[in-house]
C-alpha cells in the first residue's frame, strides 16, 4: 500500500493535530519566540540570533537540515501525494546560519503585501480561493444580534481544507473602513471570527453592501517574516542598508548599478549653471532612500528627488526644492544658496545622494521668465512638502499602476490601518485630496469609502481622478518635489500655450526627466560634465558612486492632459503614447 492510499484526510488531520500539540509545541517553545502570535515575533530582540534549542530538541537541526534538502526534491504540489511537511514551514527549527539563507533565496519583497481574495456580505455571497497553506478555502458572513445592540454584529466563517503540508498555516487580515483585525489558521476545519457589534449604522450599511474584505499573506507567515527583514534594512543608513536598496531595485525594477571611476564628485564650475537647470537626485540609504526606493518601484522612475537652479538679479546661484528638512520634524519648500546646498549634499546627507545635472535646452532657457519663476518660488517657500497629492502622481488608472498583489482594496485597507496609527498624518496624505475628488468636505476615510459606494463609483476610480494644480488645501497649494519644479516651469512660461491643459501634479520624476526640455547637443555640455568617466551620458552626473541612468531622458514633447492616464507596472513600465 502506498503512502497516498493510507494517508487519508482524516488521518492527516489527526497527525497535524498531534504534530501541533507535541513536536512543534515542545520544540518551538524552547526558542525565544512564540510560533503563533505574529507580531510577538517581530518584537523579539533575539529574532535574528536564535540560540541553540533545549537538549530534548538538540538532534532536530541536523535531522531537519537533511530532511529539508530531501524535501526540496519532493514531487511538485500538483501531485496527489501530500508532503509530511514543507521545508519552509520548519525552517525556524534550523540553525540560523542555514535557515536564513534558504529563506532569503525563497523570498520576494512583495511577500509583505497581502493579496485581496474577496469580500463577503452574506451567506449567499460566499467566496472561494486557494491559500498558501490550504488549497481549498471558502468564506461567508452571517449577521446576528447577540449583543442586543441597535445594529448587532456578525460572524465571519472561514472554512479551510486541503493543506499542502502538516505544518503550514495561513495568515489573514480582515478589514472594513472602520476596523482591521487578523487571524491565522493551522487546522483544516471551519473557523469563525466574531464581530460583537458594528460601529454604528455606517459600518452596518457598508458591510451589508460592500462586505468585509479578506486579505491573505500569500507567502505564508514565515516567508513574510523574512520579507520584513528584506524591507526593514532599506531604512538603515548603514552600508548594509545601501546594499539592500540596490538589491531591491535590481530585483524589482531591473535597474543596474555600475560603479563609476573615481572621483565620484565632479568639480562643478557654477558659472555654467543657469536658471531653470534641473537637478535629479537618487538616494539609496536611510529613511529617504527607502522612501525613494519604493517610489521608484511603483512609478518606474530612476530618480527619487528633484530640485531646480535659479539665479537672482545679482547673479547669485540658488537651489529651490520641495522636501528640505527644516530642522524640526517637517519637510518644507525652501531655497538655499548653491554653496550651502552643495556642501550639505557632499558632506552631511546620510542618504548617499547621487545627483545628475540636466541643463535646459537653449531654446527653453531663452523662454524662461526669471521674474515669474522667482515670484512662484517665493510664494511657496515655507509651505509643507506636497504630501496631499503625493500618491496621485503615481496612480493614474484603476489597475495599471499597482504591482501585484497591490490593488485599490489593499490601498484602502492600508489607509485604514494608517488612520488608526497616525490619524493626523493620514488626513494630510489623502483625506483632503479624496474629499476634493468626491465633492465633499471634512469626511474621514470610512465616510469617504461609504460615500464612494453611494455615488456609484469605486475607490480605484476615485484614486485615478487626476489632480489639479489649482486645488487649494488647508495649508495652501500642495507640491511634491517634482511638482514644485514643474510648477515653476509653468509659471516661467516653459509649457507655453499648453500650460492650462497640463497638470504637473500628475507628473512623476520619470515624467519630468523624460520631458523634451533639456540639452540635446553633447558638445554644448560643460567641459567638466563627465569628469573622468569614460561613459558619456547626455547629461552631467556630478555626484555618486554608481552611474545614474535615466531611461527615456529628454524624449517626450508636452501635450494636452499629459501623464493623466499612464500605467506603470514593473518591470517593463510600458507607457502608451499620449497617455
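Where helices (runs of 4 or more DSSP H) sit wholly within the stretch 435-510, those with at least 3 residues that are in contact with a strand residue (DSSP E or B) (Cβ under 6 Å, 6 or more places away or on another chain) occupy 481-491. Taken together, the criteria place residue 570 among residues that are modelled with pLDDT under 95, outside the structural domain of residue 243 (by TED's automatic domain parsing) and within 17 Å of residue 509 (Cβ to Cβ).
Do you know which residues across the stretch 171-201 are part of a strand (DSSP E or B) and in contact with a helix residue (DSSP H, G or I) (Cβ under 8 Å, 6 or more places away or on another chain)? Steps first, please.
Within the stretch 171-201, the first condition is being part of a strand (DSSP E or B), and the residues that meet it are 171-176, 179-185, 190-195.
Scanning the stretch 171-201 gives 171, 173, 175, 176, 179, 180, 182, 184.
Remark: residue 142 matches the filter, which requires a residue to be assigned to a strand (DSSP E or B) and either touching a strand residue (DSSP E or B) at 6+ places or on another chain (Cβ under 7 Å) or modelled with pLDDT under 90 (or both).
Would you point out which residue out of 225, 257, 248 is at pLDDT below 90 and either assigned to a loop (DSSP other than H, G, I, E, B) or surrounded by 20 or more Cβ atoms within 10 Å (Cβ to Cβ) (or both)?
Values: 257 fails: at pLDDT below 90; 248 fails: at pLDDT below 90.
The conditions single out 225.
All of 370, 345, 432 fail the test of being crowded, with 19+ Cβ neighbours inside 10 Å, over 28 Å from residue 564 (Cβ atoms) and out of contact with any helix residue (DSSP H, G or I) (no Cβ under 6 Å at 6 or more places or on another chain), apart from 345. Condition check for residue 123 on (1) under 24 Å from residue 406 (Cβ atoms); (2) in contact with a strand residue (DSSP E or B) (Cβ under 8 Å, 6 or more places away or on another chain): one failure, at (1).
Residues in the stretch 260-294 that are surrounded by fewer than 20 Cβ atoms within 10 Å (Cβ to Cβ) and assigned to a helix (DSSP H, G or I): 270, 271, 272, 287, 291, 294.
The values are calculated or read from the model by the stated rules, or taken from the named source; none is laboratory data. A quick note: this is a predicted structure, and the numbers were derived from the prediction, not measured. Ideal geometry is used to build each Cβ from the backbone, glycine not excepted, and the neighbour counts take in all protein chains shown.
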